[in-house]
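Structure first, commentary second.
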Number of protein chains: 2
Amino acid sequence: MEFLTGVKEKDTMELNSLLRTCAGENVKVNGAVHTIRKMGTVAFVILRKREGLLQGVYEEGTAQFDLKDLKEADTIEIEGTLERNDKAPGGIEIRMKRLRVLSRSVEEMMPLAISKWKLGTSLEAKLNYRSISLRNIRERAKFRLQEGLTRAFRDFLYSQGFTEIHTPKIGAKSAEGGANLFRLEYFHRPAVLQQSPQLYKQMMVGVFDRVFETAPVFRAEKHNTKRHLNEYTSLDFEMGYIDGFEDIMAMETGYLQYAMALLAEEYAEELKLLDIGLPDATEIPAIRFDVIKERAAERYGHKIRNPHDLEPEEEQLIGRYAREEWGSRFVFVTHYPSRKRPFYAMDDPEDTAYTLSFDLLFDGMEITTGGQRIHDYKMLKDKLASRGMTEDGLGQYLDAFRHGMPPHGGIGIGLERFTMMLAGEDNVRETTLFPRDLSRLEP
Amino acid sequence: MEFLTGVKEKDTMELNSLLRTCAGENVKVNGAVHTIRKMGTVAFVILRKREGLLQGVYEEGTAQFDLKDLKEADTIEIEGTLERNDKAPGGIEIRMKRLRVLSRSVEEMMPLAISKWKLGTSLEAKLNYRSISLRNIRERAKFRLQEGLTRAFRDFLYSQGFTEIHTPKIGAKSAEGGANLFRLEYFHRPAVLQQSPQLYKQMMVGVFDRVFETAPVFRAEKHNTKRHLNEYTSLDFEMGYIDGFEDIMAMETGYLQYAMALLAEEYAEELKLLDIGLPDATEIPAIRFDVIKERAAERYGHKIRNPHDLEPEEEQLIGRYAREEWGSRFVFVTHYPSRKRPFYAMDDPEDTAYTLSFDLLFDGMEITTGGQRIHDYKMLKDKLASRGMTEDGLGQYLDAFRHGMPPHGGIGIGLERFTMMLAGEDNVRETTLFPRDLSRLEP
């Protein structure tokens with residue numbers, strides 16, 4: 001019988017406290033042995049801690065243990081004297097005296113050379129050894145940035161009066177209908193995995209006015225490209241009482257500004273490790289789909305094949321155009337053709353061939369789809385009918401509109417893809433913890 | 001072509017600004033018409049806004065519109081003069097002058113009387129009309145508290161050096177093996193939905209030392225009880241470099257303290273609406289499974305039928321015991337029998353029939369399962385073998401241990417169940433936005 005009273009201070013120290021400790025002081029730290037470099041009677045034992053690397057110095061005579069007792073990937077606790085050393089990571093090192101081994105690695109060799117600056121191995125090998133490859137400090141840093149993007153999303157939206165929701169991933173019907181659904185059996189009934197929280201978040205606008213969700217979505221697309229996943233994390237928000245779809249873009253711009261500021265402040269170490277320059281989101285250009293499509297085609301000599309959608313190559317050209325013309329790595333492309341948008345998209349009253357919707361491109365890659373939604377019950381029913389869609393399974397969704405829904409709209413951001421572009425990677429699997437694609441279902 | 005520069009101030013005001021506005025000022029607000037009460041030549045139009053209710057006063061002569069133009073569930077924008085009125089919600093009201101209708105409700109009647117203080121309807125009806133029933137301000141308040149619990153979890157763990165992760169929900173194998181898995185076809189291969197992020201978060205302890213995830217989990221259990229769901233949100237953390245499993249309980253205690261403080265500070269309005277008293281988490285008793293089981297049986301004259309597990313009734317008795325004996329609504333029950341815990345649970349070296357694990361009970365209901373995990377490669381392999389389990393599909397998981405894993409452990413909290421207990425509800429569906437159970441797959 002005892003009482004728990006909360007987190008207790010430990011006598012082992014973390015990097016940020018060590019950096020504030022005076023030279024000559026006795027300290028205790030734990031960590032994983034990242035690498036051991038022997039130089040005659042001296043050896044450097046680099047510890048990997050969650051905040052970074054820490055150099056331990058082993059000297060025969062000073063250390064009260066045998067270096068042979070240590071190998072890479074053991075986890076240990078050491079006691080020793082803190083010293084300043086400009087050449088060591090963070091400018092400090094520990095002259096090791098005592099050792100306590102916390103756990104042992106069974107193997108002599110790691111399957112990947114994780115202590116190298118760049119983990120020079122194939123993507124395939126990185127994914128096959130995910131629990132090892134991410135121990136490389138630059139590999140793991142990408143996922144710290146991913147955390148920053150998610151955290152900023154929530155914190156910014158809390159500050160703007162949004163409520164966080166959790167919508168079900170198993171359902172009888174999907175949000176957008178159509179193919180590309182994973183199907184499962186749910187207690188002898190057919191069910192699907194949701195492609196998007198779209199219909200749920202719209203229903204919840206009628207309750208909370210503004211909602212968001214950060215959760216997995218599932219798409220059974222048979223793509224095998226560098227930018228598609230079959231399961232990914234979607235940062236979704238939906239907001240009511242908008243004056244127009246510009247309000248949605250303004251909110252996303254606010255998020256991007258907040259996110260970049262948070263990364264600069266709280267994730268500076270990771271940005272430095274990866275040598276990443278943050279994009280400026282102070283002002284983001286927004287331009288019509290048909291206008292920019294033509295302008296980019298003209299400027300770069302591209303032939304438009306499909307007038308209703310953007311090919312990846314066109315997105316790249318638009319990204320280039322935005323950078324050259326407005327000095328912006330972000331660009332909103334607005335007024336997508338109605339035929340390429342789902343039934344709930346609000347058509348432009350001035351020309352119903354187009355919608356009050358947009359994509360956000362970052363360095364020429366789509367990272368967001370958003371727009372205003374239909375809020376009028378009759379308009380929604382007519383749109384469904386005009387597309388030959390059934391109202392089956394949409395009863396509760398339509399009920400929300402029968403009983404009054406404010407003008408509203410929202411967005412979905414692909415988190416892994418956003419991280420990929422931020423980190424300057426060219427394959428979304430590089431910034432996905434455990435990717436799921438056509439061929440990969442493990443680990 | 002325009003530039004987005006971030007969120008712009010609107011001329012419509014939210015409740016918190018209105019409360020700080022002087023009487024007599026002209027204001028503009030929007031909201032949904034929650035209810036209209038006519039009293040002769042005066043009428044009260046109650047607006048529902050995300051922060052609460054706001055009273056509009058309609059007087060013939062003052063108002064420049066016809067009350068007949070308004071009905072419940074319309075969404076509107078009004079302009080008028082702010083006045084103090086102690087009898088109105090929040091002590092303020094708006095003398096309405098101008099009206100702009102934003103959207104129309106199609107029906108005269110709502111299917112549920114959402115403006116009543118207690119939505120006196122069956123759970124079944126509430127769930128069948130989820131997009132309507134949650135417009136009742138007490139119904140929606142429960143989900144605001146749910147947000148608070150999740151938000152506190154993340155914010156507290158960020159402050160403790162945890163990294164947020166996103167692990168896949170579709171996999172080739174499940175974490176814990178066994179039955180109760182939803183199965184699906186993944187591009188012509190068999191796959192399952194994860195019951196828990198357990199194996200993934202353990203692998204990531206080897207990378208980030210401390211990790212957490214707040215995400216859905218899926219359990220194909222054929223239970224049909226008031227406390228089980230087939231899909232729920234799990235608040236999971238896993239931490240390395242622990243000195244013992246007390247560190248894990250201490251971390252959860254720290255979270256509970258943080259969460260209760262956050263709720264008291266930021267969700268006071270919702271707590272008041274629901275008349276909820278927050279539990280005290282200053283010190284939480286922890287007591288052995290076998291000891292408390294016997295003590296509770298003895299004190300309350302209960303006959304122990306199953307020595308290896310706790311029946312729901314026993315949990316209630318233990319909850320009662322904790323309250324009577326230690327004045328605590330929380331109690332950690334430690335050292336669960338090894339046979340009832342999964343393979344990765346660390347057995348107590350002093351008696352391997354028990355584990356270094358625990359449940360947390362809140363008012364006699366289990367809301368957390370946690371414990372120390374095996375970190376030694378050989379011990380893990382032996383445990384798998386002793387249970388007759390195959391290592392198939394666990395290759396990468398085991399690799400993490402082959403190459404050194406620190407002593408670690410963690411917890412999973414059922415968010416909806418925690419919310420249920422906090423809100424004093426007796427059915428977990430009351431605190432689940434869109435529950436999934438044996439019979440419910442819609443909406």
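The values are calculated or read from the model by the stated rules, or taken from the named source; none is laboratory data. All values derive from a computational prediction rather than experimental measurement. So basically every Cβ, Gly included, is an ideal-geometry build from the backbone, and we count neighbours across all protein chains shown.
Points worth noting:
- Every listed requirement among (1) part of a loop (DSSP other than H, G, I, E, B); (2) within 17 Å of B:LYS28 (Cβ to Cβ) is met by B:ILE94 save one, (1).
- Filter result for B:ASN180 (part of a loop (DSSP other than H, G, I, E, B) and without any contact (Cβ under 8 Å) to a residue 60 or more places away in the chain): yes
- In the range A:1-15, residue farthest from A:GLU79 (Cα to Cα) [restricted to those that are outside any loop (DSSP other than H, G, I, E, B) and out of contact with any Asp or Glu (no Cβ under 6 Å at 6 or more places or on another chain)]: A:GLU2
- Filter result for the condition that a residue is touching a residue at least 60 places away in the same chain (Cβ under 8 Å) and in contact with a Lys or Arg (Cβ under 9 Å, 6 or more places away or on another chain), over B:GLU93, B:GLU51, B:GLU83, B:GLU79: B:GLU83
- Some residue of the range B:87-94 being in contact with an Asp or Glu (Cβ under 9 Å, 6 or more places away or on another chain), within 14 Å of chain A (Cβ to nearest Cβ) and charged (D, E, K, R): no
- Here is the figure for the range A:1-46: residues that are without any contact (Cβ under 8 Å) to a residue 12 or more places away in the chain, at the interface with chain B (Cβ under 9 Å from one of its Cβ atoms) and among the acidic types (Asp, Glu) total 1.
- Any chance B:GLU442 is part of a loop (DSSP other than H, G, I, E, B), closer than 30 Å to A:ALA191 by Cβ and away from chain A (no Cβ under 13 Å): no
- Within the range B:106-156, being in contact with a strand residue (DSSP E or B) (Cβ under 8 Å, 6 or more places away or on another chain) and either more than 11 Å from chain A (Cβ to nearest Cβ) or part of a loop (DSSP other than H, G, I, E, B) (or both) holds for B:ILE114, B:SER115, B:ARG135, B:PHE153.
- Scanning the range B:229-246 for residues that are more than 9 Å from chain A (Cβ to nearest Cβ), under 12 Å from B:GLY414 (Cβ atoms) and in contact with a Lys or Arg (Cβ under 8 Å, 6 or more places away or on another chain) returns B:LEU229, B:ASP236.
- Scanning the range A:236-255 turns up no residue that is without any contact (Cβ under 8 Å) to a residue 60 or more places away in the chain and within 23 Å of A:GLN396 (Cα to Cα).
- Apart from one condition, B:ASP382 fits all of (1) more than 9 Å from every other protein chain (Cβ to nearest Cβ); (2) without any contact (Cβ under 8 Å) to a residue 40 or more places away in the chain; (3) in contact with a strand residue (DSSP E or B) (Cβ under 7 Å, 6 or more places away or on another chain); (4) among the acidic types (Asp, Glu); the exception is (3).
- On inspection, B:LEU181 passes the criterion of being touching a strand residue (DSSP E or B) at 6+ places or on another chain (Cβ under 6 Å) and at pLDDT below 95.
- Residue match in the range A:332-354 (condition: closer than 24 Å to A:ALA423 by Cα, in the same structural domain as A:THR225 (by TED's automatic domain parsing) and not polar (S, T, N, Q)): yes
- Subset of the range B:208-217 [at the interface with chain A (Cβ under 7 Å from one of its Cβ atoms) and on the phi < 0 side of the Ramachandran plot]: B:PHE208, B:ARG210, B:ALA215, B:PRO216
- The set of residues from the range A:163-198 being of a type in the set (A, V, I, L, M) and either at the interface with another protein chain (Cβ under 8 Å from one of its Cβ atoms) or more than 23 Å from the chain's Cα centre (by Cα) (or both) comprises A:ILE165, A:ILE170, A:ALA172, A:ALA179, A:LEU184, A:ALA191, A:VAL192, A:LEU193.
- Given (1) within 13 Å of chain A (Cβ to nearest Cβ); (2) not in a helix (DSSP H, G or I), index of the condition B:GLU366 fails: (1)
- Within the range A:360-379, being closer than 26 Å to B:LEU102 by Cα and in contact (Cβ under 8 Å) with a residue 24 or more places away in the chain holds for A:THR369, A:GLY370, A:GLY371, A:GLN372, A:ARG373, A:ILE374, A:HIS375, A:ASP376, A:TYR377.
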